[in-house]
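The values are calculated or read from the model by the stated rules, or taken from the named source; none is laboratory data. Predicted, not measured: the structure shown is a model, and the values here were computed from it. Using ideal geometry, Cβ is built from the backbone for each residue, glycine included, and neighbour counts are taken over all protein chains shown.
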Amino acid sequence: MIFEQVAAGGCQSYLVGCPETLSGVLIDPEISQIDRYKALAARHGLHIRYVVDTHTHADHFSASRDLARRFGVPLVMHRLAPAPHADLRLDDGDMLAVGNLRLRALHTPGHTRDSMCLVMDDRVFTGDTLLIGGTGRTDLPTGDPHALYESLFDKLLKLPAETLVFPAHDYKGDTVSTIGEEKAFNPRLRVQSVDAYIALMNGLNLPNPKMMDVAIPANMRVGLAQDEVARRGWAVGVDEAIGLLGRADVVLIDLREKGEREKHGVIPGSLHAPYPDLRENISRGGMLHELAAATSKRLLFYCAFGERSAMAVQAAQSLGLTTACHLTGGIDAWQKGGGPLTCKSTIKS
């Protein structure tokens, strides 16, 4: 089996491939890692056949729709997923064939109503249902502690003890566990009854995920497509953007990670505000919010291909930053259109 685990800000996503047929599947991709998924697939010579979201994510933007479009393959979710653009909807027990590999859908509601796990011969991709040393929270939209208890104790924990556990999130630096290890050491599984589990989950009082109020609506639609952003008048093409360079009333904002900037260059004069810090930067008191409020500058977001910047515009507009717009197609379109690049930018993050 070809297997790659991609970690980004607590998110865990997976590339799984069949070495005989070079068919692959992406599981729970996160939008800031699009370039990395493409590079990994190319390195292994894999042809991506499916892109899967195990549930509607609340704390980050899914890359599933964008990647499914790029690869020309189905976006896969559970039958109960609210996203209208899911191309293939799985039910409990349905099989996903990836070359000679088989992934069985296991409906595990509780964290969300549409949560599912993907079971293979030696491993299970648990989404946010079962985490390493924890379980998914149940206080977000469609969460249900009773349902999660049944999903865990009546389904997941009945898998063989040696089954490898690969969750969609981990914030402690762990990468893999087993069903046996979780049964033995996971504190949330050491309850004596469903009532005890419900009381435990209802008493956690966790803060909301950082991006929840923006991420959930976007992921329920499986992202806000760039063409829709353009229809709302929030998009700028390359030619227009080149004409805006150097203007005092415009600030360009680079949402990419450091490695992307070093590899592909930077639009001259850009501020660096990495996408994972977006919510903090555009909220009241944040760098970009105060910049727009104090100067009425036009905020022009850009990223690698336009996906993150389209999401950033949606988030900024929802918080009243009405001057926000984005560069259609990102740096990729900028380079093709002959826009100037430099690796020496004003970095404020």
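Filter the stretch 1-17 down to the residues that are touching a Phe, Trp or Tyr at 6+ places or on another chain (Cβ under 8 Å) and not small (G, A, S), then identify the one that is surrounded by the most Cβ atoms within 10 Å (Cβ to Cβ). My answer is V16.
Within the stretch 17-46, restricting attention to residues that are part of a strand (DSSP E or B) and in contact with a helix residue (DSSP H, G or I) (Cβ under 8 Å, 6 or more places away or on another chain), which residue is nearest to P276 (Cα to Cα)? The selected residue is L26.
Listed here are the helices (runs of 4 or more DSSP H) enclosed by the stretch 279-349 that have at least 2 residues being within 24 Å of the chain's Cα centre (by Cα) and within 14 Å of V238 (Cβ to Cβ): 330-336. Here H57 fulfils each of the conditions (1) assigned to a strand (DSSP E or B); (2) within 9 Å of the chain's Cα centre (by Cα) apart from (1). Checking the stretch 231-248 against the condition returns a match, with at least one residue being in contact with a Phe, Trp or Tyr (Cβ under 8 Å, 6 or more places away or on another chain), surrounded by 14 or more Cβ atoms within 10 Å (Cβ to Cβ) and among the small types (G, A, S). Of the residues in the stretch 18-28, none is touching a Pro at 6+ places or on another chain (Cβ under 9 Å), modelled with pLDDT of 90 or more, surrounded by fewer than 23 Cβ atoms within 10 Å (Cβ to Cβ) and in the same structural domain as F153 (by TED's automatic domain parsing).
What tally of residues in the stretch 144-163 results from selecting those that are outside any helix (DSSP H, G or I) and either surrounded by fewer than 16 Cβ atoms within 10 Å (Cβ to Cβ) or touching a helix residue (DSSP H, G or I) at 6+ places or on another chain (Cβ under 8 Å) (or both)? Quick ask: steps written out before the conclusion?
Initial filter on the stretch 144-163 (outside any helix (DSSP H, G or I)): 144, 155, 159-163.
Next, only the ones that are either surrounded by fewer than 16 Cβ atoms within 10 Å (Cβ to Cβ) or touching a helix residue (DSSP H, G or I) at 6+ places or on another chain (Cβ under 8 Å) (or both) stay: 159-163.
Number of matching residues: 5.
Please pick out the residue among G285, G265 that is of a type in the set (G, A, S) and either out of contact with any helix residue (DSSP H, G or I) (no Cβ under 9 Å at 6 or more places or on another chain) or crowded, with 19+ Cβ neighbours inside 10 Å (or both).
Working: G265 fails: either out of contact with any helix residue (DSSP H, G or I) (no Cβ under 9 Å at 6 or more places or on another chain) or crowded, with 19+ Cβ neighbours inside 10 Å (or both).
Criteria check complete, one pass: G285.
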